[in-house]
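Worksheet: the structure to be examined is printed underneath.
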Number of protein chains: 2
Amino acid sequence: MSRGEARQRLLDAAIGQIRARGYAATSVDELCTAAGVTKGAFFHHFRTKEDLGIAAAARFIEWLDGIFARSGWRDHADPLDRVLAYIDVRIRLLRGDVPHFTCLIGTMVQEVHATHPALRTACEAGIRDHLAPLQEEIAAAMAARGVTGFTPGSLAQHVMAVIQGAFVLAKAEGGPEAAAESLRHLRRYVAMLFREHDA
Amino acid sequence: MSRGEARQRLLDAAIGQIRARGYAATSVDELCTAAGVTKGAFFHHFRTKEDLGIAAAARFIEWLDGIFARSGWRDHADPLDRVLAYIDVRIRLLRGDVPHFTCLIGTMVQEVHATHPALRTACEAGIRDHLAPLQEEIAAAMAARGVTGFTPGSLAQHVMAVIQGAFVLAKAEGGPEAAAESLRHLRRYVAMLFREHDA
DNA sequence: GCATTGATACCAACCGGTCGGTATGTCCGC
DNA sequence: GCGGACATACCGACCGGTTGGTATCAATGC
């Protein structure tokens, strides 16, 4: 292992472990072993375990945004098709074992919201940042069809709620089937919301 | 404190603490202090901490089913109205601070699904049992209106996904507003699914 | 061209405290 | 007087975090 990559290796290990076992059950020692570094290195790069959590949240969102950028979900002429494409990408991501497709942020914020305010804020910001482009496309679709009755932000947050809830179901039943079904219901809802306004 | 109630007090304390801080971050000592009993009493009634979690999940579902039974959500002539009433009760329950209205099962299963199989199974069973009556009403509503294209179970699970996801959002943003908005989207979806089949 | 310097990256050993769990007793209703 | 319901005292392992130190680097002076 070459000099200078300990921080990245720790963040990657943290994302994997916390997604699988949660924040509290992931120990610093365990992370160091997984990343192949020592505890000294850990506390050289992160002041506390909470600091690592905050950095991991930011890195996770970067990673996720990269996936969506490469998916081409915004490459459609109609903004409604872009919104539906976002959901389709989410459905396609539901593959492999549970920790592989679930969300670090949702997992973490459930545990720490009441006890680690800084980490809660970081999770909130991560969600907001990730949803911003989706919210733009929803607003464009609403404007193009003259749809009213709700705000773009509320629908974007609803999309995120279904995604996070689908992850909870996937963890409860040990696989992604119910999660995918739920996202298909979401897709139908969005289609119905806008298509009934078509000419 | 009278003799014989230590078990109930421990379960109540566990439901409160785990809802607020999660399973891993809730220690046995802390629970004993909160319940006003000693560690000897704890391990007299529960073989392990995981056993307590399983018992707490069952007790939480009992408590929740009691709330819904008293709400009268099934006291409508039309099964669709009963389904919508279930969602309305869920919206009305979104009051107070976050640990007061969020779900023990969803919080716990996120942390333990990969590490505590027995606890994961208990959470899965709790969700399934709670959803059974809702699924019946969905099936009745579908039959009454000749709605097809999805199964009653998938819509019941979607309702639960939105509820769980709404709780995650509430924890991320520190309040129930976004959660309530999401449940209103869900209500609109269910209404649209069935009402477009009305005469 | 090379020694000096200061900063950064990292390491091994260790700290007090807390973790889940146990061993052994005591009390009280039947 | 006996069994279930607790209490007290304790255990080894592990927790997040700290310590004092070393290896490696770029920048500087000469």
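The values are calculated or read from the model by the stated rules, or taken from the named source; none is laboratory data. Keep in mind that this is a model prediction, so the values were computed, not measured. Glycine also receives a Cβ, built like all others from the backbone with ideal geometry; neighbour counts cover every protein chain displayed. Please note that ligands, DNA and RNA were not included when accessible areas were found on the heavy atoms of the full protein model with its side chains. Shrake-Rupley method; radii C 1.70, N 1.55, O 1.52, S 1.80 Å.
Check whether at least one residue in region B:4-16 is more than 15 Å from the chain's Cα centre (by Cα), small (Gly, Ala, Ser), open to solvent by 70 Å² or more (accessible area, probe 1.4 Å) and within 8 Å of DNA strand D (Cβ to nearest atom), and report yes or no.
Within region B:4-16, one or more residues are more than 15 Å from the chain's Cα centre (by Cα), small (Gly, Ala, Ser), open to solvent by 70 Å² or more (accessible area, probe 1.4 Å) and within 8 Å of DNA strand D (Cβ to nearest atom).
If you check every pair at least six apart or on different chains, which have Cβ atoms under 6 Å apart with a residue in region A:27-49 that is within 14 Å of chain B (Cβ to nearest Cβ) first and a residue that is among the aliphatic types (A, V, I, L, M) and more than 7 Å from DNA strand C (Cβ to nearest atom) second?
From region A:27-49, the pairs are A:Lys49/A:Val28.
Can you confirm whether A:Asp51 is open to solvent by 40 Å² or more (accessible area, probe 1.4 Å) and away from DNA strand D (no atom under 12 Å from the Cβ)?
So A:Asp51 fails the test.
Yes/no per residue for (1) in contact (Cβ under 8 Å) with a residue 40 or more places away in the chain; (2) open to solvent by 50 Å² or more (accessible area, probe 1.4 Å); (3) more than 21 Å from B:Ala161 (Cα to Cα):
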site: A:Ala55; (1), (2), (3): yes, no, yes
site: A:Phe60; (1), (2), (3): yes, no, yes
site: A:Ala69; (1), (2), (3): no, yes, yes
site: A:Asp75; (1), (2), (3): no, yes, yes
site: A:Asp97; (1), (2), (3): no, yes, no
site: A:Leu104; (1), (2), (3): yes, no, no
site: A:Val109; (1), (2), (3): no, no, no
site: A:Leu119; (1), (2), (3): yes, no, yes
site: A:Glu124; (1), (2), (3): no, yes, no
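Residues of region B:86-95 being in a loop (DSSP other than H, G, I, E, B) and either surrounded by 13 or more Cβ atoms within 10 Å (Cβ to Cβ) or among the hydrophobic types (A, V, I, L, M, F, W, C) (or both), which ones?
Within region B:86-95, B:Leu93, B:Leu94 meet the criteria.
Tell me the residue from A:Thr115, A:Thr33, A:Thr26 that is open to solvent by less than 20 Å² (accessible area, probe 1.4 Å), within 16 Å of DNA strand C (Cβ to nearest atom) and more than 30 Å from A:Glu137 (Cβ to Cβ), please.
A:Thr26
Residues in region A:158-174: is at least one in a helix (DSSP H, G or I), within 7 Å of another protein chain (Cβ to nearest Cβ), among the polar types (S, T, N, Q) and open to solvent by 10 Å² or more (accessible area, probe 1.4 Å)?
No, because not a single residue in region A:158-174 is in a helix (DSSP H, G or I), within 7 Å of another protein chain (Cβ to nearest Cβ), among the polar types (S, T, N, Q) and open to solvent by 10 Å² or more (accessible area, probe 1.4 Å).
Taking the condition more than 7 Å from chain A (Cβ to nearest Cβ), crowded, with 19+ Cβ neighbours inside 10 Å and assigned to a helix (DSSP H, G or I), does B:Ala178 pass?
Answer is no for this residue.
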